[in-house]
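Structure, as C-alpha cells:
The values are calculated or read from the model by the stated rules, or taken from the named source; none is laboratory data. From a predicted model like this one, the values you see are computed outputs, not experimental measurements. Note that we place each Cβ from the backbone using ideal geometry, even for glycine, and neighbour counts take in every protein chain shown. Areas reflect the complete protein model, heavy atoms only, side chains present, ligands, DNA and RNA absent. Shrake-Rupley method; radii C 1.70, N 1.55, O 1.52, S 1.80 Å.
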Amino acid sequence: MDWNNWLLGHEIGIRLGFFFGIFTIVAVWELKAPRRALSVSKGLRWLNNLSIVFLNGLVLRLLFPAAAVGVAAVAGKQG
C-alpha cells in the first residue's frame, strides 16, 4: 500500500486526531495563561464554539455537494 492510499484510508482519524490534539493544546494554554477575566463560563463558551464547529462541518457536507450539482446543471444548460 502506498502513502497516498494509506492517507486516504485513514483521513477521518487523522483529521480528528489533529483537531482534538490542537483543541487540547489550546484548552490547556487557555487554562494556564488566560488573557482576561471571564465574563461567561468556559464550559458554556467551549460548548458554543464546538457547536459552531459541528454545524459548520454539517453545513459544508450538505452544501458543497448541492453546489456541485447546481453548477453541473448550469453547465449542462449552457453546453
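Just in the chain: which trypsin sites (Lys or Arg not before Pro) are loop by DSSP and have at most 10 other Cβ atoms within 10 Å?
35, 36
Provide the gained length on full extension for the span residue 25 to residue 68, in nm with one decimal, where the gain is 0.36 nm per separating residue minus the Cα-Cα distance.
11.9 nm
Who wins for biggest fluctuation among 52, 22, 12 in a Gaussian network model of the chain, springs between alpha carbons below 10 Å?
Between 52, 22, 12, it is 12 that shows the largest mean-square fluctuation.
What percentage of the solvent-accessible surface of the chain, computed with a 1.4 Å probe over protein heavy atoms, is contributed by carbon and sulfur atoms?
Accessible surface attributable to carbon and sulfur in the chain totals 71 percent.
Just check the chain against the gyration tensor rule for me: Cα atoms, a ≥ b ≥ c as the square roots of the eigenvalues, rounded for a/c under 1.5, and otherwise prolate or oblate depending on whether a/b exceeds b/c.
Taking the square roots of the gyration eigenvalues as a ≥ b ≥ c, the chain is oblate.
Nearest 10 degrees, 0 to 90: what angle lies between the long axis of helix 42-78 and the longest principal axis of the chain (Cα atoms)?
10
With r as the distance between the Cβ atoms of residue 49 and residue 14 and R0 = 22 Å, compute the FRET efficiency 1/(1 + (r/R0)^6) and round to 0.05.
About 0.50, to the nearest 0.05.
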